[in-house]
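Colleague: Quick one: the structure is below, and I'll ask about it shortly.
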Amino acid sequence: MMALEFVRVQWPFGSIQQLIRPSRSELRIDVDQSGDSIEAELDLLYGRLKTPGNAMNHCTRLSALRPGLLFHHREADGEHYVYVEDVARRRLAGYTVFNRLIEVDRRTDRYVRSPHSKYATVYQGRGIASAIYDWALGRGFCLVSGARQSEGAHALWRSLARRHPLRWIALRGKRMHDLGSDVAPASAAELDTRMLLLGRGFSVAGLRSRGLLHSCHERADRAGDMSCRSY
């Protein structure tokens with residue numbers, strides 16, 4: 001659900017502005033979703049939400065993360081779904097799903113999820129997805145970005161990084177390898193390079209001590225990768 005298009009980025013880390021320059025070949029921001037297809041999907045999901053006996057009809061109600069909206073949560077096979085209902089308009093504003101990652105091992109799978117969101121155009125830019133990501137981070141999940149992002153999703157991650165610790169990682173061999181707080185453009189362009197937002201109670205040192213975050217140099221030694229730098 002995510003895409004890549006190069007935009008001028010204001011990062012919370014001083015050195016990253018010099019290291020990453022907007023360029024359509026670097027950030028892998030290329031997802032473009034049709035508004036009509038999203039609306040059709042949301043209409044279908046709203047019907048399921050209101051159908052007795054449907055799994056969605058048994059969602060747990062979350063506390064109001066944004067005024068005027070209801071937030072419904074359900075978990076299935078370790079993945080978390082948050083549906084946002086606009087009661088006044090009797091429709092679904094959108095939803096966010098926190099997917100498990102097939103790229104990590106079982107130990108890491110307990111703590112990380114990859115969020116993806118779809119919202120109707122009229123609800124975009126209102127901080128709804130941001131509030132849901134904050135909710136998940138507050139529950140102690142660490143969030144890993146997808147291989148591709150939409151321009152809006154990339155902006156959301158930049159915003160979240162202003163209030164949650166962010167690291168760049170490489171997903172190799174079912175492990176997360178730490179690339180530091182910034183990366184060179186060539187490394188950022190690789191499909192296995194992702195952003196990692198640290199959930200509540202986690203630190204870089206804590207992730208390493210649990211065997212969840214591994215040395216970048218270990219990755220370089222195995223793959224012949226010369227992109228590691230000291231940090």
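Colleague: If packing is taken as the mean number of other Cβ atoms within 10 Å per residue, what is the order of 110-120, 42-52, highest first?
Modeller: Working: 110-120: 20.4, 42-52: 14.1.
Top of the packing list down: 110-120, 42-52.
Colleague: Among rounded, prolate and oblate, which fits region 23-163 when a ≥ b ≥ c are the square roots of the eigenvalues of its C-alpha gyration tensor, a/c under 1.5 means rounded, and a/b larger than b/c means prolate?
Modeller: Oblate.
Colleague: Using 1/(1 + (r/R0)^6) with R0 = 22 angstrom and r between the beta carbons of residue 64 and residue 158, what's the FRET efficiency to the nearest 0.05?
Modeller: 0.30
Colleague: Can you give the charge dipole size of region 117-168 about its Cα centre, rounded to the nearest 20 debye, using +1 on the beta carbon of Lys and Arg and -1 on the beta carbon of Asp and Glu?
Modeller: Charge dipole of region 117-168: 80 debye, to the nearest 20.
Colleague: For the pair residue 48 and residue 76, how long in nm is the line joining their label points, each one 7 Å along Cα→Cβ?
Modeller: Using points 7 Å along Cα→Cβ, the separation is 0.5 nm.
Colleague: Once you have a ≥ b ≥ c as the square roots of the Cα gyration tensor eigenvalues for region 78-154, tell me rounded if a/c is under 1.5, and otherwise prolate or oblate according to whether a/b is larger than b/c.
Modeller: Judged from the Cα gyration tensor, region 78-154 comes out prolate (a/c at least 1.5, a/b above b/c).
None of the figures in this text is laboratory data; all of them are computed from the coordinates on show. The structure displayed is predicted, hence computed values, not measured ones. Note: ideal-geometry Cβ built from the backbone for every residue, glycine included; neighbour counts use all protein chains shown.
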